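Below: one structure, written as structure tokens.
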Amino acid sequence: MTGTTGFGAIGTVEGVHVAHARGAPVVAVDTADVVADHGITGDWRSRTGSRRQVTLVDAAVLEDAGVALGIEVAPGASRRQVTVRGIDLVATIGHRIAVGDVVLDVTMACDPCDQMEVAIGPGGRAALEGRGGICGRVITGGTIRTGDAVRIVRDPVTA
């Protein structure tokens, strides 16, 4: 696993992507407005009550997948909304994290699906197996920006 873990562990946002409709191309953005218990404004995944309102993936995992597949995995190819570096995302499952001023309850792993075979290429799903990122429910809305810090703020989530 890449990155650091534990209360206060710090990573950095390297990229933010939105898809305006299911299956639509992802679009890189410098900032994304995030609404509490809804998700990223303008992204098709945003739904009140969902456990998958915001998705994150580790940039190092995407790089490793690219090496394994002999290709360069483009930013946003995993279709996760936020790409981070420097924090072990899998270790944050069940915890509360801050991404800039946005606070998320990390609800579950974001397992890769068959879409990865198209978005990344043949073998994409297998290359991300067990490392496809995380999903979170938005507790506190705000703005996510490239360069924002990512840190565990409560360990573990109890409510």
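Against the longest principal axis of the chain, how steep is helix 59-69, in degrees 0 to 90 to the nearest 10, with axes from Cα atoms? With both axes taken from Cα atoms, the answer is about 20 degrees. Projected label points at VAL118 and THR31, each 7 Å from Cα along the beta carbon direction, are separated by 3.3 nanometres. Counting only Cβ charges, +1 for Lys and Arg and -1 for Asp and Glu, the dipole size of the stretch 61-132 around its Cα centre is about 100 debye.
Classify the stretch 1-141 from the C-alpha gyration tensor, please: rounded if a/c falls under 1.5, else prolate or oblate depending on whether a/b exceeds b/c. In terms of gyration-tensor shape, oblate.
With the simple spin-label model, which puts each label point 7 Å out from Cα in the Cβ direction, the ARG154 to LEU69 separation comes to 3.7 nm.
Around the Cα centre of the chain, unit charges on the Cβ atoms of Lys, Arg, Asp and Glu (plus for the first two, minus for the last two) sum to a dipole of about 420 debye. Spin-label pair ARG51-ASP111: with each label point 7 Å from Cα along the Cα-Cβ axis, the two points sit 1.2 nm from one another. Among ARG125, ARG145, a tally of other beta-carbon atoms within 10 Å of each Cβ gives an order, fewest to most, of ARG145, ARG125.
Along the axis of the charge dipole computed for the stretch 10-154 (Cβ charges of +1 for Lys and Arg, -1 for Asp and Glu, origin at the Cα centre), the listed residues GLY123, SER50, ALA98 are led at the positive end by SER50.
As a proxy for reagent exposure, ranking GLU72, GLU14 by other Cβ atoms within 10 Å from fewest up yields GLU72, GLU14. Averaged over residues, the count of other Cβ atoms within 10 Å places the peptides 50-62, 84-96 in the sequence 50-62, 84-96, highest first.
Placing unit charges on each Cβ (+1 for Lys and Arg, -1 for Asp and Glu) gives the chain a dipole about its Cα centre, and among THR31, THR107, VAL18 the Cα reaching farthest toward its positive end belongs to THR107.
All of the numbers you see were taken from the coordinates with simple rules; none came from a lab. Predicted, not measured: the structure shown is a model, and the values here were computed from it. Heads up, the Cβs are rebuilt from the backbone with ideal geometry, glycines too, and the neighbour counts pull from every protein chain shown.
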